[in-house]
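S.K.: Before I ask anything, here is the structure I am working with.
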Amino acid sequence: MTKGAEITRPAKHLIEGLRGLGAATIAGTLGHMGFKNPHMTGILPQTHGKCICGPALTLQCLPQRPDLFSEGEYADPETQLHRHVLYHVQEGDVVVVDARGDMRSGIFGDMMSTYFKGRGGAGIIIDGVMRDRPNVEKLDLALWLKGWSPNYHVQTDIYPYAVNVTIACGGVTVVPGDIIVADDDGAVVVPVSMAEQVIADGQKHAEWEEFSRIKLMEGAPLQRYYPLHPDANDEYQAWRRLNPVKPG
């Protein structure tokens, strides 16, 4: 039996609406909404040029304690909870792991990563490290990590404790089913309840930035075009009528 509760996946239009905004626009938009730090700090892209957007499946790790954990009792593979978070993976899902920032325990290796890709997962984000880098890189997965280690997941000081529970990752709370957007700027967390507003505000920002970028490249005044000054709004609206937003 698979351990861990099933998540509630957000509506597809929310995923598609957030996908094109990018982590920076989303982080700034959430910041203006009072969500001051949605960015998972210190967790860096390992495969540049990747951009993912999908619901979070979560894995929580804890420090090992002899009365609660013994590797000898971990002999049965089906007791290994890092396997079980992968059993929940559906196409487009993002696995997010609270590995406590541990730099010595490689949470997943090439075989687990191969299974994840075969399930259609979008990407893996770990506040910690993975192992088997040469083989994992051949899979061309979207990964955000703190680094790599040759050690397996319970070799040192931590062990997987719970699947699909609320965790902290990179200093940010992640609730199972939250929408994760990650690109070369890093990974951000969007609560489902805030997604509609993030999309609406973020799209407006992205639209006028397109106009402002053109003007700044022409050498126009920064004071007028970034941020877009109210006096330049009529000029922007006239440009927009000639350059309507293309349907997503």
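S.K.: In whole Hz, what ³J(HN,Hα) sequence does the range 177-182 give by Karplus (6.51, -1.76, 1.60; θ = phi - 60°), x for Gly and Pro?
M.R.: x, 3, 8, 9, 10, 9
S.K.: Follow-up question, since we're still on this one. Given labels modelled 7 Å from the Cα in the Cβ direction, how far is it in nm from residue 138 to residue 206?
M.R.: A separation of 3.6 nm, rounded to one decimal place.
S.K.: Taking the DSSP beta bridges in the chain as the whole, what percent of them are antiparallel, to the nearest 5?
M.R.: In the chain, DSSP labels about 60 percent of beta bridges as antiparallel.
S.K.: Any idea of the accessible area per residue across the range 151-248, 1.4 Å probe, to the nearest Å²?
M.R.: 55 Å²
S.K.: Residue farthest toward the positive end of the dipole of the chain, with Cβ of Lys/Arg at +1 and Asp/Glu at -1: which of 48, 187, 4?
M.R.: Positive-most Cα among the choices belongs to 48.
S.K.: Let me ask something else. Positive end of the dipole of the chain, charges at C-beta (+1 Lys, Arg; -1 Asp, Glu), about the Cα centre: which of 77, 238, 122 has its Cα farthest in that direction?
M.R.: 238
S.K.: Step through the table entries 146/246; 117/246; 3/117, compare each Cα-Cα distance with 27 Å, and write down the pairs that go over it.
M.R.: Checking Cα-Cα distances, 146/246; 117/246 exceed 27 Å.
S.K.: With the full set of protein chains in place, find how many percent of the accessible area of the range 108-154 is carbon and sulfur; take the probe as 1.4 Å.
M.R.: Whole-percent figure for carbon plus sulfur exposure: 51.
S.K.: What accessible area per residue comes out for the range 1-100, rounded to a whole number of Å², with a 1.4 Å probe?
M.R.: Values: 4980 Å² over 100 residues.
Accessible area per residue: 50 Å².
S.K.: Report, by chain and number, residues whose modeled amide H sits under 5 Å from the one on residue 162, excluding near sequence neighbours (fewer than 5 apart, same chain).
M.R.: Those qualifying (amide H under 5 Å, at least 5 residues apart or on another chain) are 60.
S.K.: Can you list the residues, at least 5 places off or on another chain, whose amide H is less than 5 Å from the amide H of residue 106, using H built in the peptide plane?
M.R.: Those qualifying (amide H under 5 Å, at least 5 residues apart or on another chain) are 151, 152, 153.
S.K.: A follow-up question, please. What full-extension length gain, to one decimal in nm, is calculated for residue 48 and residue 222 as 0.36 nm per residue of separation minus the Cα-Cα distance?
M.R.: So the extension gain works out to 59.6 nm.
S.K.: Further question on the same structure: If R₀ is 22 angstrom, what is the calculated FRET efficiency for the pair residue 161 and residue 193, using the beta carbon separation as r and rounding to 0.05?
M.R.: Between residue 161 and residue 193 the formula returns 0.25.
S.K.: Could you tell me which residue out of 155, 31, 96 lies farthest along the dipole of the chain toward its positive end? Charges go on the beta carbon: Lys and Arg +1, Asp and Glu -1, centred on the Cα centre.
M.R.: 31
The values are calculated or read from the model by the stated rules, or taken from the named source; none is laboratory data. Here the structure is a predicted model, which is why all the values come from computation and not from measurement. Cβ sites come from the backbone with ideal geometry, for glycine too, and all protein chains shown count toward neighbours. Remember, those area values only see protein heavy atoms, side chains included, never the ligands or the DNA or RNA. Shrake-Rupley method; radii C 1.70, N 1.55, O 1.52, S 1.80 Å.
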